[in-house]
Amino acid sequence: MKLLIATDFPPDAAGGGPAVVRQMLRGFSGEIHWWSCRSAGSSVPALDFKVLSFDSFPPGKLTPSRKWTHLKAWLMEYVWAPLAAQSLRKTIKSVQPDCIWVIPHCWSIFPLHTVLVLKRLETSVHLTIQDYPDILGLEGKCGKERVAQMAKLQEELYILADSRDATSLPMLDDLVCRLNIKGAQMLHQGLEAEDFDFLEKSQKSNEKLEMIRIAYAGTILVEEEFEIFAKMLSELRDRGLPLRLEFWGAHSYASCSWYCQDWMGEHGNLPEKQLLAELRTCDWGFIPMSLENEEPRYNRFSFPTKFITYLAAGLPIISMGHAETSVMKMSAAYDVGCRISDPLFPISDLGEILQDIKAKEKYRYEILRCAREQFDAEKMRKKLWDCFRKNED
């Protein structure tokens, strides 16, 4: 079959969303074609599949960032988006796909809606919602009304689709409740067979406490919470606990006021397999979300990919955030590590938890149970491919 992926990002983009798509295409036997709003060009990561054709229509300097953001947003909607829709239609006509996998993210929502909803395209569609537009921080740059319009168009795309999924269980529940459309699965990054084989083996415990290495993978989105955690670790170091905080990702934080090169280290943005191998040398993984719940929609519906990456690495997880966040709810349902929901969490308690030399062994069963029940990549992939083939028929 011919599958066309239509979304905001190119096949080799960094970030959790693109990583999920790449994983779900692993071993796909049909033709893969791709259309996106952004150009390819990153050297990370290597692809496990072949893209037979790639087309894009990047907005360039029109993307709202720092200056003239509302003007640029208007130009994106009324100038760039119609032209991007023409580009997408041209790609569809050239490829003649059996199914289009649509991921309406950010600015891609406008051209996708024009082509698939307004023009009533006959080609079958499978749709994945990875994020709602109003939890991406766009309102300040683009205007509240425009972002609300993007959310409305995304919902119309969801309703139109022949099959669908979403990135978290709370998001699925929300879509079913508001739009009354069932039958979708949760589609997120998952663990492969080799990851489960790794977790099935008993994790080797530290024989003695020499250095506790805490991993952070990805971009820091809640800087205030991260700084709180860094200060907690700094105080534990002052009390004599040997700690290191290790960073992997595309961004550098060496210039931040809380960064200390004496016990923090940056390792860059690595291919996914290499990242996993390096994470497995650490003792804990850290994942923060907002403690104050000032952005409840982001806290509730977004689910950071690093949580699954830590599971695959066999790392106990330090989860920080408001009790209603998706991560804290997941870590409450499965005892995979330490949960911090209060900025006044006792430092001594954290120190006692972190210096447990048998932590990997202690939390291994729940890490494995969580991964099996919620993040089995092969099961998610099979269900997704069944949707593609059903839509083809």
Interatomic Cα distance distribution for segment 125-193, bins of 10 angstrom, percent | 20, 47, 27, 5, 1
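For the ranges 167-180, 253-266, what's the packing order if you count other beta-carbon atoms within 10 Å of each residue, average per peptide, and put the highest first? Write down the numbers at each step before the final one.
On the way: 167-180: 16.7, 253-266: 12.8.
Order by mean packing, descending: 167-180, 253-266.
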For segment 360-393 and segment 175-189, what is the separation of their C-alpha centers, rounded to whole Å?
-> 16
Bins of 10 Å from zero: percent of alpha-carbon pairs in the chain = 5, 22, 31, 25, 13, 4, 0
With everything on Cα atoms, drop me the angle between helix 144-160 and the longest principal axis of the chain, reported from 0 to 90° to the nearest 10.
-> 70
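Which of the peptides 290-299, 109-118 is most tightly packed, and how do the rest follow, judged by the mean count of other Cβ atoms within 10 Å per residue? Please report the intermediate quantities before stating the final value.
Numbers: 290-299: 16.8, 109-118: 21.5.
The peptides rank, most packed first, as 109-118, 290-299.
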For E266, other-chain or 5+-apart residues with amide H closer than 5 Å (H placed, Pro excluded) are F247
Under 24 Å between alpha carbons - lysine pairs in segment 253-393 that sit 8 or more apart or on different chains | 17
Probe 1.4 Å, accessible area per residue of segment 50-90, Å² = 68
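Give me the net charge for the shell around G268: Cβ to Cβ below 14 angstrom, other residues only, Lys and Arg +1, Asp and Glu -1.
Values: positive: none; negative: E246, E266, E272, E278.
Around G268, the charge tally is -4.
For segment 1-81, what does the relative contact order come out to in percent, with C-alpha contacts under 8 Å and a separation of six or more? Present the calculation step by step, with values, prior to reporting the outcome.
Values: 116 pairs, mean separation 23.3, N = 81.
After rounding, I find 29 percent.
Which value at 222 nm does the chain reach when only helices count, each DSSP H run of 4 or more adding -39,500 (n - 2.57), with the total divided by all residues and rounded to the nearest 500 deg cm²/dmol? Walk me through the intermediate numbers first.
On the way: 16 runs with 162 residues, N = 393.
The per-residue figure over the chain is -12000 deg cm²/dmol.
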Dividing the Cα convex hull volume of segment 1-151 by residue count, how many Å³ per residue is that?
-> 106
Helix 359-374 axis, angle to the chain major axis (alpha carbon atoms, nearest 10°) | 20
Using unit Cβ charges (K, R positive; D, E negative) and no other charged atoms, how large, in debye to the nearest 20, is the dipole of the chain about its Cα centre?
-> 1120
Of D48, D238, D335, the one that fluctuates the most in a GNM where the chain has Cα springs shorter than 10 Å | D238
Using a Gaussian network for the chain with springs between C-alpha atoms less than 10 Å apart, which of these wobbles most: E224, E373, E156?
-> E373
Across 5 Å bins beginning at 0, the whole-percent shares of Cα-Cα pair distances in segment 256-328 come to 3, 14, 20, 19, 18, 17, 7, 0
Please report, as a whole percent, how much of the solvent-accessible surface of segment 202-291 comes from carbon and sulfur atoms (probe radius 1.4 Å).
-> 45
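By average Cβ neighbour count within 10 Å, what is the ranking of 311-320, 272-281 from highest down? Spell out each step's value before the answer.
Working: 311-320: 25.4, 272-281: 16.1.
Going from most to least packed, we get 311-320, 272-281.
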The distance between the Cα centres of segment 76-116 and segment 1-37, in whole Å, is 15
Of all DSSP beta bridges located in the chain, what percent are antiparallel, nearest 5?
-> 0
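How much area per residue is accessible in segment 208-334 when the probe is 1.4 Å and only protein heavy atoms are counted (Å²)? Before the final figure, lay out each step's value.
Numbers: 5290 Å² over 127 residues.
About 42 Å² of surface per residue is accessible.
Taking the Cβ of L121 as the centre, find all other residues whose Cβ is under 11 Å away and add up their charges (Lys, Arg: +1; Asp, Glu: -1). Each step should come with its number before you reach the end.
Numbers: positive: R89, K93, K119, R120; negative: E122.
Summing Lys/Arg as +1 and Asp/Glu as -1 gives +3.
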Dipole of the chain (Lys/Arg Cβ +1, Asp/Glu Cβ -1, origin at the Cα centre): which of V115, A13, I159 lies farthest to the positive side?
-> V115
In degrees rounded to 10, the 0-90 angle between helix 223-238 Cα long axis and the longest Cα principal axis of the chain is 20
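Take every Cα pair under 8 Å in segment 210-338 that's 6+ residues apart, average their separations, divide by the length, and report that relative contact order as a whole percent.
On the way: 197 pairs, mean separation 32.0, N = 129.
Averaging sequence separation for qualifying contacts and normalising by length gives 25 percent for segment 210-338.
The values are calculated or read from the model by the stated rules, or taken from the named source; none is laboratory data. Bear in mind the structure is a predicted one, so any value in this text is a computation, not a measurement. When we count neighbours, we look across all protein chains shown, and the Cβ atoms used for this are built from the backbone with ideal geometry, even at glycine. Side chains included, ligands, DNA and RNA excluded: accessible areas come from the protein's heavy atoms. Shrake-Rupley method; radii C 1.70, N 1.55, O 1.52, S 1.80 Å.
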